[in-house]
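> Pasting a structure below so you can have a look.
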Amino acid sequence: MKADHPSQSSPPPGADPDFAGPLTPAVYQILVALAEGEKHGYAIMKDVMETTDGAVRMGPGTLYGTLKRMLEAGLIAEAGERPDPEPGEERRRYYKLTAQGGRVATAETERMARIVRAATRRGLGGRRGAFPSPA
């Protein structure tokens, strides 16, 4: 993916060669939302707000611009037509994770987990503001 996750370092040994990480927060949150299955745009926005306890509110401009770039990059695809759409859902586009999108999401999750483990080993986990005093 081009502008959404500029490469700042080589992927670790055994990592997906398609992954150049890190991902932008919007891209990662959308991949996480779609990991459970197909969703339309409004459902993705709601999922992001719920999974972040309201800390991240993705507006329509960010969402649909990011979805467009993710479609172009092959991370997601439009899902097929709904056989019996609910009233009002006829025009909604549903999105799903592609195999590449799943690999990229997994690689990013593993990358972030390594960072969190390193921070925790250095005493940065747990209580907020529990940083070592300057010497």
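The values are calculated or read from the model by the stated rules, or taken from the named source; none is laboratory data. Small disclaimer: the values here were computed from a predicted structure and weren't measured. All Cβ positions, glycine included, derive from the backbone under ideal geometry; neighbour counts span all protein chains shown.
> Please work out which one of (1) charged (D, E, K, R); (2) assigned to a loop (DSSP other than H, G, I, E, B); (3) at pLDDT 95 or above is the condition Asp47 fails and give its number.
The single condition Asp47 does not satisfy is (2).
> Does Leu97 count as of a type in the set (A, V, I, L, M, F, W, C), touching a Gly at 6+ places or on another chain (Cβ under 8 Å), modelled with pLDDT of 95 or more and surrounded by 11 or more Cβ atoms within 10 Å (Cβ to Cβ)?
When the stated conditions are applied, Leu97 does not pass them.
> A follow-up question, please. Tell me which residues, restricted to region 1-44, are within 20 Å of Arg114 (Cα to Cα) and modelled with pLDDT of 60 or more.
Of region 1-44, the ones within 20 Å of Arg114 (Cα to Cα) are 5-25, 27-29, 31-32.
Matches in region 1-44: Phe19, Ala20, Gly21, Pro22, Leu23, Thr24, Pro25, Val27, Tyr28, Gln29, Leu31, Val32.
> In region 52-83, which residue that is within 16 Å of Thr24 (Cα to Cα) and basic (Lys, Arg) is surrounded by the most Cβ atoms within 10 Å (Cβ to Cβ)?
Arg69
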